[in-house]
Every structure is written in C-alpha cells, then in structure tokens.
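Working notes, structure below.
Read-outs: derived from the displayed coordinates by stated rules, not from any lab. These figures come from a predicted structure and were not determined experimentally. We place every Cβ from the backbone using ideal geometry, glycine too, and count neighbours over all the protein chains shown.
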Protein chains: 2
Amino acid sequence: MSPRGRRPGGEDTRATILDAARAEFAEQGYDATSLRAIARRACVDPALVHHYFDGKSALFAEVMDLPIDPSLMIDRVLAGPREHVGAALVETFLDVWDSPAGRQRFQAVVRSASSHDEAARMLREFLTREIFGRIAHALVPDGDDADLRAGLAAGQMLGMAMMRYVVDFPAVATARREELVEVVGPVIQGYLAP
Amino acid sequence: MSPRGRRPGGEDTRATILDAARAEFAEQGYDATSLRAIARRACVDPALVHHYFDGKSALFAEVMDLPIDPSLMIDRVLAGPREHVGAALVETFLDVWDSPAGRQRFQAVVRSASSHDEAARMLREFLTREIFGRIAHALVPDGDDADLRAGLAAGQMLGMAMMRYVVDFPAVATARREELVEVVGPVIQGYLAP
C-alpha cells in the first residue's frame, strides 16, 4: 500500500468536495459560492455534491467544523411560538457550543474571524444569509432598524459566548444553562420581537 | 553610534518598564502582578514605575495598546446619573474603539484572547477587577446574580463590538453612534440597574 495512496470510493470523494468548498468559500465568500462551482473545482458531477451534502449551509457548517448546520436549528426555533423565540435561540445556541469540543470550535471561529478578513467575510455572509437575515425577515417588524436589531441580537449571543468560552468570566462561564436562558432570553426577544 | 545602542534617559527606562510589565502580566495574570514585581524585573526603583505610570490599570492599558485607561472612563461613567449609566457606557465604549486604529486594536485583543490562555486570563482579570467588578459593586443590587448581570453586560458590549469591528455586519458596522446608544443603552441599563 502506498503511504500516499488515496482511499477508494465515497470517503475520498467527500473529502475532495470539502477541500474544494473550503477554497471556494475562502476565495468567493459565502454568498457568491455556488455548489456548481464547488463541483467544478472538485472535478466531480454536481449531483455528487448534492448526494453528500444537504445544500450550501450544511457544507459550510462542515467547512467551519460546526457541530451542526445552524440553519436547521433556526428552522426549529422559528417553528416554535413567537413569544419564546428569544429563549429558544439562547437554548439552541448553548446546545451547540456548551461542550468542551464546542468551546474549542467557538474559539477557533473567533480566532479565525479576527485574524483573516476572508474568514470574517464568510462568517458575516453566513450569519446574515442563513441566520439573522432569516430571523429578521420572520420576526422583526419591517422598519429602518430591523437589520440593526437582528445584528445586535447576533452580537448579544456572540458576546455571551465570548464571556463563557473565550474570556472565561467566572459568573458567565459557570452559570447554568437555565439561568442564561432566563436572563438573556428576554434581551434577545426584546431585539427581535419588541 | 552603535546600531543596538540604547537611547539615554526617560524613553529608555519607560520602555524597559513596559517590557517588564508585559512579561509579568503574561506570567502572573492581572491580579497577581504588582508594581513592585515589575520594578524588580525591570531593575529600577519602584518609585520610577509610579513616576512614569498612573498605577497598574494605566500600565496594563499601555501593554494592551488600549487608547486610554478604561478604568478612568469607568470613573466618569459612575460619576454621572445612575439612570443614564447604560447609555453612558455604550457612548464611552464607542468613543474608545470607533476609529480605524481602535478597530484594529480591538481585533488584536480578540485575536490574542482567543489564541492564548494567558491573554484570555489577563483580559478576564482586568475586566473583572477594573471594569465590571466595579460597576457591579456600584450599581447592581446585591444578590446571587449581580456578577452574572455584570458579565452579561460586558458580553453585550463585546458582542456589539464583534459585529461592528470584526464580523463587519453591515447594519451594525454602519449604524450611527446615536442609534447604537439608543438601542443598546437600555439593554445595558437593564442588566446593571434593573
């Protein structure tokens, strides 16, 4: 067996597609990247990309090493009662990141976004398109400050996570999930469904 | 003139003290570092440290390349009317970071805290001791969740800054200072003086 031998079959194709996606997202950003362009770069049929990945946001979640496709969780949050959307977002967010592996992934995302403009751009476009743009459309009453409110809600989640996973501020790092939902939930609700 | 020649006098002593402070803060964290230990490491009389720097938080602000000693700004915020403390904090924060140089410094602080445990520890101890610990003591009614509320207020500021300076989320990045004060001020107020 050659030490540089490629594994046959699906594993290999999947990895090739992921590499191509990583390069396309980095070069083009989230919005301008298409599954077709990823297939072209990976030299595979576009149908194979769809075979292995549930669409662009799922592929992005894997490239970013996120534990789950966040846009699926947004579907779930938006399907629930509107008056619980703040609490549901905080719960969902903590479910994703509240583990030793999640914490490390969060640190990696922050490190990368604060080190490379391209990484910051990917994150911005993904958050806007798949997360907070969708939430704003679904919930925030139309008006001048709808996008601002969505962005500040995103900022509140990001900041809570910075204190819990990066800065390791004792009271926030050791707070129980329910306490955070109780205190931060209404703030998110206030931004999104005032 | 030797290319490695030291400049004579104050500039040189000041730089030596700053180097020693950087090393002490990194090794000991913020809390355990004393001006005496910094003087010892710099091989200067402790009185010289006091001559060049207005105390530990001022020295820390220089080591972190902060545009101003944040604990001075907290003095100013706490001197104002209690019911405007949320708005005053947001204003003060934006005054410090809302410039091209401030933005870069903020990115550097985030990068460093998400890359090195020691940097995260320094930041945590500084925020706790000089900023949010003081605010919590002055404002938050005693109770189980006073520290949690202070930490979440810090998180909201940090998160707003992440969206504005790092992620570059359009609505937050381009918002006028007054808009941010208007929307985020009451949230901070709600955390700190509910």
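Things worth noting here:
- Here A:Ala138 yields copy-to-copy label distances, from shortest upward, of 4.1 nm, the label point defined as 7 Å from Cα along Cα to C-beta.
- A:Glu11-B:Glu62 pseudo-label distance in nm [points 7 Å out on the Cα-to-Cβ vector]: 5.7 nm
- Mean separation of Cα pairs under 8 Å and 6 or more residues apart, divided by the residue count, gives region A:12-105 a relative contact order of 20 percent.
- Within 10 Å of each Cβ in B:173-184, the average number of Cβ atoms from other chains: 2
- The label-point distance for A:His137 and A:Ala101, in a model that sets each label 7 Å from Cα toward Cβ, rounds to 3.2 nm.
- Once the gyration tensor of the Cα atoms in chain B is diagonalised, the equivalent ellipsoid follows with semi-axes of 33, 20, 15 Å, ordered largest first.
- Between region A:63-107 and region A:20-37, the alpha-carbon center distance in angstrom: 23 Å
- Net charge contributed by nearby residues that have their C-beta within less than 11 Å of B:Tyr191 (K/R +1, D/E -1): 0
- In degrees, nearest ten, helix A:146-161 long axis to first principal axis of chain A (Cα): 80 degrees
- Closest approach to the B/A rotation axis among chain B Cβ atoms, residue and whole-Å value: B:Gly159, 1
- Placing a pseudo-label 7 Å from each Cα along the Cα-to-Cβ vector at B:Ser34 and B:Ala108 gives an inter-label distance of 3.0 nm.
- Against the main long axis of the alpha-carbon atoms of chain B, helix B:100-115 sits at an angle near 80°.
- Taking only the alpha carbons of the protein assembly as shown, we obtain Rg and Dmax values of 23.3, 75 Å in that order.
- Ascending distances from the B:Arg76 label point to its copies in the other chains, with the point 7 Å along the Cα-to-beta-carbon line: 4.6 nm.
- Each Lys and Arg contributes +1 and each Asp and Glu -1, all at the Cβ; summed about the Cα centre of the protein assembly as shown, the dipole is approximately 1180 debye.
- Relative to the longest principal axis of the Cα atoms of chain B, the long axis of helix B:177-192 makes an angle of roughly 90 degrees.
- In terms of other Cβ atoms within 10 Å, B:Arg164, B:Arg111 run from fewest to most in the order B:Arg111, B:Arg164.
- Net charge of the neighbourhood of A:Ala113, taken over other residues with C-beta under 15 Å away and scored Lys/Arg +1, Asp/Glu -1, is +2.
- Shortest first, B:Ser99 label-point distances to identical copies amount to 4.5 nm, with the label point at 7 Å from Cα along Cα→Cβ.
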